[in-house]
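What follows is a single structure, written as structure tokens, with notes after it.
Taken together, the values in this text are just the output of simple stated rules run on the coordinates, not laboratory data. Note that this is a predicted model, so its numbers are computed, not measured. We place every Cβ from the backbone using ideal geometry, glycine too, and count neighbours over all the protein chains shown.
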Amino acid sequence: MSDVISVVAADVSSYQWQYSVTGSSGWSDIVDGTPANVTYSGATTADLSIQPNTSVAGATGYYKCVVTMWGCFFEQSASYFCSVL
């Protein structure tokens, strides 16, 4: 089972999804296909697909998207909390 998180913005030149264990610090860029018990796709698009490995049941994390609008950076103020069941 996979989840998709989306962000909506106009005049966007780039997207970069990030992950944090705590949601307050330690944000890291997500890379498509990263083999850290989770498979990601769409890390640089408006839609991030998250496919967890069954070995990470009970794991949690936070996701946010950094959007560049032709030279100006906008960081989504709210993060998305994800818990693997």
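Show the residues, 5+ positions off or on another chain, whose built amide H is closer than 5 Å to the amide H of VAL38.
ASN53
Which order do peptides 9-19, 24-34 fall in by mean Cβ count within 10 Å, highest first?
Put in order of decreasing packing, that is 9-19, 24-34.
Label points 7 Å out from Cα along the Cβ direction at SER25 and SER13: separation in nm?
A separation of 3.1 nm, rounded to one decimal place.
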